[in-house]
Amino acid sequence: MLEVIREHAQGKIAKIILALITIPFALWGVDSYLKNAGDGPIVAKVGGQKISQTEFAQALKDQQERMRAALGKNYDASMMDRPEMRKSVLDGLINQRLILADAAQEGLAISDAQLVRIIAGIDAFQENGRFSQLRYEALLRQQNMSPAMFEHRVRQDLLMQIAQDGVVRPASLPRSVAERLMRINEQEREVSQAVMPVEQFMSQVKVDPSAVKDYYDKHPDEFKVPEQVRLEYVVLSAESLMPQMSVSDDEVAAYYKGHLTQFTQPEERQASHILIGVAANASAAEKSAAEEKARNIWQEAKQNPANFAQLAKQYSQDAGSASRGGDLGFFARGAMAKPFEDAVFKMAPDEISQPVRSDFGYHIIKLVAVKPAKTRSLQEVRGEIVQALKRQKAGKKFAESAENFSNVVYEQGDSLKPVAQQLGLQVEQSGWVSRKGGDTPLLNNPKLLQAVFSEDVLKNRRNTEAIEVAPNVLVSARLVEYKPTSVKPLEDVATVLSQRLQRQQAAVLAMKSGKDALSQLQQGKTPAALNWSPPQVVSRIKPAGLEPAALKALFRLDPDKLPAYTGVENAQGGFTLLRLIRVIEPATLDESRKQAYAQRFSDMLEQEYAAAYLASLRSKAKIDIKRESLEKTER
């Protein structure tokens, strides 16, 4: 149990943190965020708290990046302009405000010490089993995040998780209800299908060119091409300055001496244990019985130490380690419950402790091995130090150059060549960029896009101001070529549009034909030209390729009179007829399947409790959404 709880807690926290570091924070530096996130126009008020247009734009950008990563080539940037998507993102921000306010009211908090311990324990930030500040900063830098911003977000996410866990954790169904749901879920039905595809009716439809033109004239927005620009731009970044930085041996040695603890791996110990579990609130009699059992096992282990692993497999109630003979692996201080840890770090190798009491019960512990504290040599860490020092110098150089960069692109606003020549930068060319962005991620920053499409750039042909698109990354751009908003000519879209209209009309015929056939089947008649598929057995958890709508319709059929028939529109626009042949009730479920179902139902209940918790918070809060800001499409 000790290991299970440790792994569960750390695993859940790790997932939260790793999720955070896969979301680029590429709109502004932390200083800009902390100072300006609440300034400017607002999109909503939650109680007395404001959600600014700037924060909303950042949340939209985060969601956009998540969807881009998840969907790949199927990603459509226009999805973020849909009102339902924008409202979903805003609802997420509102929910965050509500949960954090509730956490504060309940006195919940994440201390600095807790935050440090949590982040330091994440494998992604470790080297050789120990937290590495260099790796931590490098990983965050790859995602354009600073440690301050990341830690702020981790603290908030953990607080929200703790607040919600307090509500949703005790989720379980009565056994009778759970078993009824299990049987419903496991029930199988034998079904045959007859599909009426849209293609079957295409030849019956003729689309007149006048209908195509009429649709084109009435729906011009569908054929709009947004305004676009091609740009030239220059980038000043700390990362790009690193190759110019040099580091001496003396500097490396001084850094090593001043950061020695950073390169020291603490002592670790490997232990095995046998746990006799007993709850912290158990009765005195229960605690006494558990202690007596533990002492008997300890005596047996002490008499024959070589059998410790076998005894752990036989008696230990820590399911996670019992199968491995009680082995918990290596761990440093701070990883285990304090009474357990205190005992382990006082023991000698191969020593077996008397029962040690913790909140989980009584532990009989065997110390297996000790890894003494070790400091990596200067030679081992030289590469890391050189990179860290170069990064420091590049950051300093960037800070020194940033003001000059900003001044030159503004004062000599009719060209980017002067700033490129002064600072040794390259003037780069972009592809076509719309108000939604383009193929160059660096140019997709909302503030930069806003500047690019401003009158000063489009009409006056001046450089944009120097804009921070990520921490320690400044960009200035200017117009090379402009394409105004246009509508695709009818001749360019006529063929595709004609095919679309033809398919729409064919789908109407398929639906009518399918419903007519269904009516005949339900009356006991046999429609002509139905091609029924071979029967197949499906269930709610094994649909065997049956579409969700069809599966839902199938399980709504009354099985008292068979065969039974139903039909639904399919995903291709045609019509699918379904014939229910027989119902197969499930056999008795084994215990492992029951436990799996119980866990699934528990998860579902937790989701419902979480939704109810949020609904309760929303019902008690005054929420004012500025609809005009929410519905405005950012182009």
Rounded to 0.05, the calculated FRET efficiency for the beta carbons of Ala369 and Met202 at R₀ = 60 Å is 0.20
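Packing-wise, with mean Cβ within 10 Å as the measure, how do 115-123, 50-58 rank, highest first?
Descending mean neighbour count gives 50-58, 115-123.
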Between region 39-104 and region 460-531, what is the separation of their alpha carbon centroids in Å? 25
Region 499-514 residues near the modelled Ala529 label - backbone nitrogen below 14 Å, point 7 Å along Cα→Cβ: 509-514
Write down the radius of gyration of the chain and its Dmax, each obtained from C-alpha positions, in Å. 32.7, 97
Can you sort Val154, Val493 so the residue with the fewest Cβ neighbours within 10 Å comes first? Val493, Val154
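So if R0 is 45 Å, what FRET efficiency would Met347 and Asp250 give, r being the distance between their Cβ atoms, rounded to the nearest 0.05?
Plugging the Cβ-Cβ distance into 1/(1 + (r/R0)^6) gives 0.55.
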So how do 392-403, 91-102 stack up, highest first, on mean other-Cβ count within 10 Å? 91-102, 392-403
May I ask you to list the GluC sites (Glu not before Pro) in region 245-295 that are in a DSSP loop and have at most 10 other Cβ atoms within 10 Å of their Cβ? none
For labels at Gln572 and Asn307 in the simple 7 Å Cα→Cβ model, what's the distance in nm? 6.9
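At a 10 angstrom cut-off on C-beta neighbours, averaged per residue, how do the peptides 473-480, 185-192, 421-428 rank from highest to lowest?
473-480, 185-192, 421-428
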Cα pair count fraction exceeding 18 Å, expressed as % - region 262-414: 67
Nearest 500 deg cm²/dmol is fine: what mean residue ellipticity at 222 nm does the chain get from its DSSP H runs of n ≥ 4 alone, each adding -39,500 (n - 2.57), divided by its residue count? -16000 deg cm²/dmol
When the Cα centres of region 113-141 and region 388-416 are compared, how far apart do they sit, in Å? 30
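Coordinate-derived values only; no laboratory data. What you see is a predicted model; the values in this text were computed from it and never measured. All Cβ positions, even for glycine, are placed from backbone atoms using ideal geometry, and neighbour counts span all protein chains on display.
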